[in-house]
Amino acid sequence: MKQLISSIACFLFIFTFCNAQKKEIAYEQIFRDAPTTISKPLPDVLRWIDDEHYLERRAENRKTSFLSVDAKTGNAVSYEPVSTKIGVTGDIPEDGKNPSRSPDGKWVAYTRANNLFAKEISTGKQIQFTHDGSEDISNGYAAWVYYEEMLGRNYQAFWWSPDSRHIAFIHFDESEVPLYPIYNSEGKHGSLEKCHYPQAGDKNPAVKLGIVSVTNPAILWADFNEKDDQYFGPPFWLPDGSSLWAQWIARNQQELKIFAIDTSSGSKKQVYEEKQKTWVSAKYGIRFLEKSNQYIINSDKSGWDHLYLYNMDGTLSNQITQGAFWVGNIVRVDEKNKFIYFLAGKENTLRTDFYKIGFDGKGLTRLSFGDYSQSEILLSPSGKYFISTYSNTFTPPKMSLVDDKGKLVRELGDSKGIEFDDYDLAKNELHTVKTRDSLFDLTVKITYPLHFDQNKKYPVLIEVYGGHGLGTFNDHWSDDLREQWWAKEGLIQMTMDYRSSGHFGKAGMNYIFRQMGKYEIEDFMDCARWLRKLSFVDTTKVCFTGYSFGGFMTCMALTYGAGVFTHGIAYYPVTDWSLYDTYYTERFMGTPQNNPDGYLMNSPMQYAKNYKGLIRIVHGNLDDNAHLQNSIQFTNKLQELDKHFEMMIYSGVRHGRSHWPDDKKKHAHNEDYHFIYEHLLSKPMPDIFWK
């Protein structure tokens, strides 16, 4: 530890000396989006035109132009792109929702009053497929738990077949799902908003899968029992539209099956099955191989997320990727040459690299270069070139043209502005901290104050999320200039990860099964304890903050971790997992009925007696995700224990501050800043924030 402190001090002394004459970023540049020459945009590359040319959009003098750029030379000529985008809405009723154009562009499907409709664009002919829509029953319009947890916050629960002949949809019956009341205080008498919201252990919507045709509006129901306690993940149409593949997930989410549904009879045939002792995740992409009559699917059943090649009858052909790393998005499947191009964290799970591999699992080749994380890849039609956008913690984003051997051909852009090197920017360091059980080495990023003095004591600000598979730290450039402001004001800033972040695969995530919260907060405590041992850390001012799951973690930090963390700002937290929705919560926790101790021991209310320091709870009164009920019950517990805390309720807003009205958003930001100035920096907040 002494050697670490000495090396840090030496490192920062050199930088302080060299940067003594550099400029500091101004308030207006950070909080008011004032023009700056610190950074500049990268080229706006839209797509490849052919194997040697890509399409770039440029804006100059308020005019937008499109250019065809020679990949190898950079020579550009004017180009008028042909639009392939089909209009979405057509002419549907004003109360129509989720308009979706058929692939051939001839029809638009939509939901209205919880029924499913389609309209022929050329004739105006309308078809009403369902007629039982009501407050409790919906067709093709997602129940809340499906909208939030399974369909990417999308209410559309119907899917066109590729041949534009059929529409698959989910029918939801929520008559047995509890109605959750949300009080809206606006107006003289206020109003009550009711939503079918299944909390952990409650009844779920009864669901069934239907198929309709624009030539025959009669509903064909797939061969499932609506009364079974089950989920349907997003279905997949075969490329020729001849069959619908339906994802069936057991209520306990430890078993997933995929069935091929016959579009003429509704009968089903199993083509995939996966079981795990903890949980199985729904699939959000299957790649069908028309030439070999096979499909590619991802699974984390080995302990890491990998790609598998299956025959259409459900028998395994071979595992394509394997090893202690995760596979991310597939960029392209080249059936002709039997290659898969994909993103993965093989070299370093904190980064994303670009690879290709044969269908048979041979010839794994890294195509990206250097110690960078790839944020975007555009692959040319034949795979001869790709355009890579990449960065790391210490390097702002760049864009380059790379060939199929991974060789850099030409740098296309650098986001460093002409004055980047003229500014004194906060310095970052990466360290690893071993967990208390010695099983994991957790990555920690420290952002030091400007003009750092090892003889001073600095307060600490830690911001995390903490949810499974969503690590706070990844090795890429941060463009959040607020970090620079707090470094200028004298804060040590810290981000850190935990065993269930995804960086340790499914094996790391499995630790949270039936005890979501315990291992995450203990990992955060281990990292913070390591930091607290550094001589320049003010251990009386260690602030933890986060949103949603991060709000839950903040509440745990100030209760379970009260001896480590002294301050906290918790936004719309979950404070008792029995209050959150079925699909998300039960995947990790089981139900309150079969895991009562797990629910009890992973709630900050259980540890409220340990609370000390100061927490600030922030919530919107219309939050339909993590209900205000969570904060009310937690603060009620603190009141019963005569504990001091702060609380701010925002009227008329829901979950996720980024969606709040500008006035509420500004006020919330300023209240956060005021908390930091008063309790961490111990000085008045500058008046400029309130202007």
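The values are calculated or read from the model by the stated rules, or taken from the named source; none is laboratory data. A quick note: this is a predicted structure, and the numbers were derived from the prediction, not measured. No Cβ is skipped: glycine too gets one built from the backbone with ideal geometry, and neighbour counts run over all protein chains shown.
Listing for the model above:
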item	result
Identity of the residue in the range 193-224, more than 31 Å from the chain's Cα centre (by Cα) and without any contact (Cβ under 8 Å) to a residue 24 or more places away in the chain, that ends up farthest from SER651 (Cα to Cα)	ASN216
The range 29-59 - residue that is under 19 Å from ILE387 (Cα atoms) and among the acidic types (Asp, Glu) and, of those, surrounded by the fewest Cβ atoms within 10 Å (Cβ to Cβ)	ASP50
Residue ID - surrounded by the fewest Cβ atoms within 10 Å (Cβ to Cβ), chosen from residues in the range 207-256 that are β-branched (Val, Ile, Thr) and within 23 Å of GLU274 (Cβ to Cβ)	VAL207
Residue among THR575, THR554, THR591 that alone is outside the structural domain of TYR197 (by TED's automatic domain parsing), under 26 Å from the mean Cα position of the chain (by Cα), surrounded by 23 or more Cβ atoms within 10 Å (Cβ to Cβ) and within 27 Å of ASN252 (Cβ to Cβ)	THR575
Checklist (1) in contact with a His (Cβ under 9 Å, 6 or more places away or on another chain); (2) part of a helix (DSSP H, G or I) applied to PRO459, failing item	(2)
Residue in the range 386-405 that is of a type in the set (Phe, Trp, Tyr), under 29 Å from ALA426 (Cβ atoms) and either assigned by TED's automatic domain parsing to the domain that holds ASP480 or in contact (Cβ under 8 Å) with a residue 12 or more places away in the chain (or both) present	yes
Residue that is within 20 Å of ALA528 (Cβ to Cβ), loosely packed, with under 14 Cβ neighbours inside 10 Å, in contact with a strand residue (DSSP E or B) (Cβ under 9 Å, 6 or more places away or on another chain) and not charged (D, E, K, R), where the choices are THR432, THR443, THR447	THR432
Yes/no for MET525 being in a helix (DSSP H, G or I) and free of Cβ contacts under 8 Å to residues at least 60 places away in the same chain	yes
Residue match in the range 150-172 (condition: among the charged types (D, E, K, R) and under 20 Å from ASP229 (Cβ atoms))	no
Subset tally (residues that are in contact with a Gly (Cβ under 6 Å, 6 or more places away or on another chain) and assigned to a strand (DSSP E or B)) for the range 362-408	1
Checking GLY568 against (1) surrounded by 24 or more Cβ atoms within 10 Å (Cβ to Cβ); (2) in a loop (DSSP other than H, G, I, E, B), the condition it does not meet	(2)
Residue under evaluation ALA668, criteria (1) free of Cβ contacts under 8 Å to residues at least 40 places away in the same chain; (2) part of a helix (DSSP H, G or I); (3) of a type outside the set (S, T, N, Q), criterion not met	(1)
Checking SER548 against (1) over 19 Å from the mean Cα position of the chain (by Cα); (2) surrounded by fewer than 23 Cβ atoms within 10 Å (Cβ to Cβ), the condition it does not meet	(1)
Considering residues of the range 26-65 that are without any contact (Cβ under 8 Å) to a residue 24 or more places away in the chain and in contact with a Ser or Thr (Cβ under 7 Å, 6 or more places away or on another chain) only, the residue farthest from LYS666 (Cα to Cα)	HIS53
All positions within the range 542-561 that are outside any helix (DSSP H, G or I) and either farther than 20 Å from VAL433 by Cβ or modelled with pLDDT under 95 (or both)	TYR547, SER548, LEU558, THR559
Enumeration of residues in the range 300-312 that are surrounded by fewer than 20 Cβ atoms within 10 Å (Cβ to Cβ), among the hydroxyl-bearing types (Ser, Thr, Tyr) and within 26 Å of the chain's Cα centre (by Cα)	SER302
Test for ASN329: is it surrounded by fewer than 16 Cβ atoms within 10 Å (Cβ to Cβ) and either assigned to a strand (DSSP E or B) or in contact with a strand residue (DSSP E or B) (Cβ under 6 Å, 6 or more places away or on another chain) (or both)	yes
Residue satisfying all of: in the range 637-655; in a helix (DSSP H, G or I) and either among the aliphatic types (A, V, I, L, M) or loosely packed, with under 13 Cβ neighbours inside 10 Å (or both); farthest from the chain's Cα centre (by Cα) among these	GLU640
Set TYR465, TYR498: member being within 20 Å of the chain's Cα centre (by Cα) and buried (at least 23 other Cβ atoms within 10 Å of the Cβ)	TYR498
Selection status of ILE615, assigned to a strand (DSSP E or B) and in contact (Cβ under 8 Å) with a residue 60 or more places away in the chain	yes
Given (1) hydroxyl-bearing (Ser, Thr, Tyr); (2) under 23 Å from PHE31 (Cα atoms); (3) not in a loop (DSSP other than H, G, I, E, B), index of the condition THR443 fails	(2)
Odd one out for ARG62, checked against (1) among the basic types (Lys, Arg); (2) surrounded by fewer than 19 Cβ atoms within 10 Å (Cβ to Cβ); (3) at negative phi	(3)
Sole exception among (1) among the hydrophobic types (A, V, I, L, M, F, W, C); (2) in contact with a strand residue (DSSP E or B) (Cβ under 6 Å, 6 or more places away or on another chain); (3) not in a strand (DSSP E or B) for PHE354, by number	(3)
Some residue of the range 656-673 being surrounded by 15 or more Cβ atoms within 10 Å (Cβ to Cβ) and under 20 Å from THR559 (Cα atoms)	no
Count - residues of the range 270-294 that are modelled with pLDDT of 95 or more and exposed (fewer than 14 other Cβ atoms within 10 Å of the Cβ)	4
Scope the range 674-691; condition surrounded by 13 or more Cβ atoms within 10 Å (Cβ to Cβ), in a helix (DSSP H, G or I) and not charged (D, E, K, R); matching residues	HIS674, PHE675, ILE676, TYR677, HIS679, LEU680, LEU681, PHE689
Matching entry among THR321, THR315 (being among the β-branched types (Val, Ile, Thr), surrounded by fewer than 16 Cβ atoms within 10 Å (Cβ to Cβ) and farther than 13 Å from LYS283 by Cα)	THR315
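Quick grid of which residues meet (1) polar (S, T, N, Q); (2) at pLDDT below 95; (3) touching a Ser or Thr at 6+ places or on another chain (Cβ under 7 Å):
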residue	(1), (2), (3)
VAL402	no, no, yes
GLU411	no, no, yes
ASP414	no, no, no
ASP421	no, yes, no
LYS434	no, no, no
ILE446	no, no, no
HIS451	no, yes, yes
